[in-house]
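A short reminder: the numbers here are calculations on the coordinates, not readings from a lab. These numbers were taken from a predicted model, which means no experiment stands behind them. When we count neighbours, we look across all protein chains shown, and the Cβ atoms used for this are built from the backbone with ideal geometry, even at glycine.
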Amino acid sequence: VRRFHFSRISTLEELLAWKGKFGASGRPIAGGTDLIVGLREAAFDLPAIEVGDITAVPELKGIAAGAGGPDGTGCEIRVGPLATHSQVARHSEIGRRAALLAAGASEVGSPQIRNRGTIGGNICNASPCADTVPPLIALGAVLTLRSLRGARKLPLEEAILGPYRTAMEDDEVLTDICFPVPPEGSRSSFIKLGRRNALSISRMSIAVVSRLDGSGILRDVRVAGGSIASTPRRFRAVETVLEGNVPGDDLLAAAGDKMVAEMIRMTGRRWSTPYKEPVVASLLKRAVLQSIPRREK
Ligand SMILES: Cc1cc2nc3c(=O)[nH]c(=O)nc-3n(C[C@H](O)[C@H](O)[C@H](O)COP(=O)(O)OP(=O)(O)OC[C@H]3O[C@@H](n4cnc5c(N)ncnc54)[C@H](O)[C@@H]3O)c2cc1C
């Protein structure tokens, strides 16, 4: 394990001062399930590492939901970065109004990892296969990043620049994850294709939010994918194919073809493309079907 200096941080004020002082060398530790592995693998190319335990910082905790937002800023559901995957997966309001996020959180690792690992750590580590990220992108999540210089809001989709690379400045920390509740009547799904059933790191995942109107037409469709392009992202061209149409076999096939075409447009053809083509199309079809209520016969 890389040698590091360890400190305990108790307040947000202290955390911002600590991050301002140490910059990139200052690594907040939440659950440690990514950071400790990184330290063991000596993944950090830094002369010195300061590890700061943020688990006692009250401002980073909690999950709150409310009309107009718990803080009056239109942030309808606010998840503190220290919320563990287990807390997110079991939260009743998230289960009811953003089931795809509960599904993503409950797919992470194992019970031990879900009890320790946090949603903030999942985002800040920026792994291409982070399970909570596609659901949060489909929900339109916005991050609040704070430093001694002030606070700024950044859509999650723009915050992840590449594998293990975020748009966070060296002195910034993540303090809030906010998203609006999908329109009334929306349903959602999250499907992860792993290498193994247990403890699998996701190879590809798709998150869908949509709503069927009274005529059985798809509305307010959001599709996000993880490990399909170089960063987790929304697939707006696929949403356009689905939006305003009845979800039959032909439509799902056309949407699957569009998803594959988008993947190839973004990544080019690779050694893995022949495998990914049918898998991505079929994952999308399953995710859309799971997100719509079954028709009464
Ligand atoms: C065996 C195993 C299985 C796993 N399986 C999965 C899986 O199936 N799916 C999946 O998505 N992940 C998986 N992971 C990865 C990991 O558990 C998750 O990414 C987890 O959410 C990380 O959260 P953490 O609190 O442990 O992060 P930490 O390790 O504490 O931190 C991760 C990174 O984020 C930074 N950070 C944390 N909080 C903040 C903050 N508030 N502001 C700024 N920076 C911050 C840290 O400095 C560090 O760089 C697995 C890990 C292990 C060891």
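For this structure, a couple of remarks:
- Point-to-point label distance, residue 25-residue 93, nm (Cα→Cβ direction, 7 Å offset): 4.1
- A full extension of the chain between residue 289 and residue 219 corresponds to an added length of 23.8 nm, given 0.36 nm per residue minus the alpha carbon distance.
- Taking the charge dipole of the chain about its Cα centre, with +1 at Lys and Arg Cβ atoms and -1 at Asp and Glu Cβ atoms, the residue from 264, 35, 16 reaching farthest to the positive side is 264.
- Listed peptides 251-259, 28-36 by packing density, highest first (mean Cβ within 10 Å): 28-36, 251-259
- Across the chain, Cα pairs under 8 Å and at least six residues apart give a relative contact order of 15 percent.
- The GNM of the chain, with springs linking C-alpha atoms under 10 angstrom apart, assigns the highest mean-square fluctuation among 92, 127, 210 to 92.
- Relative to the dominant Cα principal axis of the chain, helix 249-267 is inclined by about 40°.
- Förster radius 45 Å - calculated FRET efficiency between residue 251 and residue 56 (Cβ-Cβ, nearest 0.05): 0.35
- For the chain, the cysteines with no partner cysteine C-beta closer than 4.7 Å are 124, 129.
- Label-point separation in nm, residue 40 to residue 267, each point 7 Å along Cα→Cβ: 2.7
- Normalised contact order of the stretch 1-128, rounded percent, pairs of Cα under 8 Å and 6 or more residues apart: 24
- Dipole magnitude of the chain about its Cα centre (Cβ charges: Lys, Arg +1; Asp, Glu -1), debye to nearest 20: 780
- Among 170, 131, 176, the order by Cβ neighbours within 10 angstrom, fewest to most, reads 170, 176, 131.
- Fraction of antiparallel bridges per DSSP, the stretch 1-139 only, in percent to nearest 5: 35
- Put simply, the amide H of residue 76, placed in the peptide plane, has neighbours under 5 Å in 179, 181, leaving out anything fewer than 5 places away on its chain.
- Report summary: the helix-based calculation at 222 nm, which adds -39500 (n - 2.57) for every DSSP H run with n ≥ 4 and divides by the residues of the chain, gives -10000 deg cm²/dmol.
- Folded to 0 to 90 degrees: helix 273-291 orientation relative to the chain principal axis, Cα: 80
- Label zone at residue 164, where the point sits 7 Å out along the Cα-to-Cβ direction: the stretch 44-64 residues whose backbone N lies under 12 Å: 44-46
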